[in-house]
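The values are calculated or read from the model by the stated rules, or taken from the named source; none is laboratory data. This structure is a prediction, so every number in the text was calculated from the model and none was measured. So basically every Cβ, Gly included, is an ideal-geometry build from the backbone, and we count neighbours across all protein chains shown.
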Amino acid sequence: MKLAIIGLSNSGKTTVFNALTGQNLDTTIYPTLSGEPNYGVVKVPDLRINSLAEIYKPKKITYATVEYVDYIGLTKGDMVQNRKVFDLIKDADAIVHVVRAFHDDSVSHPMNEINPMRDVETLELELIFGDLEFVEKRLSRMDEAAKKGKKQSETERKLLTKCKDALEKEIPLRNVEFNDEEQKLMKPLQFVSTKPEVIVLNAEEGDLQSGKLKDLHAQVEKYVQDKGIGETTKVVALCGKIEMEIAQLSAEEAKVFLEDLGIEEPALNRLIHLSYDLLGLISFLTSGEDEVRAWTIRKGLNAQNAAGKIHSDIERGFIRAELVGYEDFIACGSMSGARDKGLLRLEGKTYEVKDGDIINFRFNV
């Protein structure tokens, strides 16, 4: 899974990136218009992997991972500048939209005023306008080619016109229904407003438990619902500065720090899990003395296709999936215990894999 961190300049994007990845990149107090993208790979927190590792004592432990990319901020109305960001995030699975909700006189705001709701709407519109510009240019090129006698795809023209109609109404494409054929045509076009989105309200420490932040969270939630994008947009509030400090601590130090703040877990763990929910992703598990591992798949995937996540040979030669649910396994304490209680079972290729299934694939190539 690849997530692109975006936002207006000085919203705290790089701070959130540092918090997620444990890196310590420099942050600036003025808008940055150039530079190289920052990349980081993060392990997906999963207590199930920890528990299985304690039982099996494997040689190797492999968590699912998320790749994050951070780049320059978007600028209202500057399509040339924003296109640099759009080109980078086209292949991302989703976007993490960081919204500034903190006050700091030493850090300038590109629009000269802290106004989170305005910033949420501004960035949403920039994504829409970016796609609209792309659609209009493509339709224009098709018209010019048609005048020269070159045959054009009427199916693509119809799709682009459908997109244009929605975008002109300021509707992001992730909120438009497309059939299977249309979705197939859209893939190489790489629109940006199709991306599922997590809106991150980057607050200051003193506001974390305040009614002020809860009110802002509610306002953004209402905006999302009123726009009809609630299914493809989630909202989370955090303090990027604190989360970055936590990321620099050892596990023991972080635990004490969180307890002092009255926080159960880093907000960034919630962000990762929200991203999974948003994209309809789950994890199945494999376990043994050699390795305990989490594998990320789409919800609803059948056992044979899930086997292909491990290796194409296993998918091709699939015979059966021997599996037990994680909770059942823990209750029994071992695979033999699960087998004795009839909880370890065999499933065929059409079985829909569930989150937390511990699976051993039987195959023959």
**Message:** Need the failing condition index for GLU136 against (1) among the charged types (D, E, K, R); (2) farther than 25 Å from THR21 by Cα; (3) modelled with pLDDT under 90, just the number.
**Reply:** (3)
**Request:** Quick one: which helices (runs of 4 or more DSSP H) lie wholly within region 240-286 and hold at least 1 residues that are free of Cβ contacts under 8 Å to residues at least 60 places away in the same chain and in contact with a strand residue (DSSP E or B) (Cβ under 8 Å, 6 or more places away or on another chain)?
**Result:** 267-279
**Asked** Does ASP131 qualify as being touching a residue at least 12 places away in the same chain (Cβ under 8 Å), closer than 20 Å to ALA92 by Cα and among the acidic types (Asp, Glu)?
**Response** yes
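If I go through region 221-233 residue by residue, how many of them are in contact with a helix residue (DSSP H, G or I) (Cβ under 6 Å, 6 or more places away or on another chain) and either surrounded by fewer than 21 Cβ atoms within 10 Å (Cβ to Cβ) or at pLDDT below 85 (or both)?
Selection size over region 221-233: 4.
Looking at LYS162, LYS214, LYS195, can you tell me which residue is assigned to a loop (DSSP other than H, G, I, E, B) and among the basic types (Lys, Arg)?
When all the criteria are applied, what remains is LYS195.
Is it the case that region 198-206 has a residue that's acidic (Asp, Glu), surrounded by 20 or more Cβ atoms within 10 Å (Cβ to Cβ) and touching a residue at least 24 places away in the same chain (Cβ under 8 Å)?
No, because not a single residue in region 198-206 is acidic (Asp, Glu), surrounded by 20 or more Cβ atoms within 10 Å (Cβ to Cβ) and touching a residue at least 24 places away in the same chain (Cβ under 8 Å).
Would you confirm whether or not region 162-172 contains a residue that is among the acidic types (Asp, Glu), more than 24 Å from the chain's Cα centre (by Cα) and surrounded by 12 or more Cβ atoms within 10 Å (Cβ to Cβ)?
Yes, the conditions are met somewhere in region 162-172.
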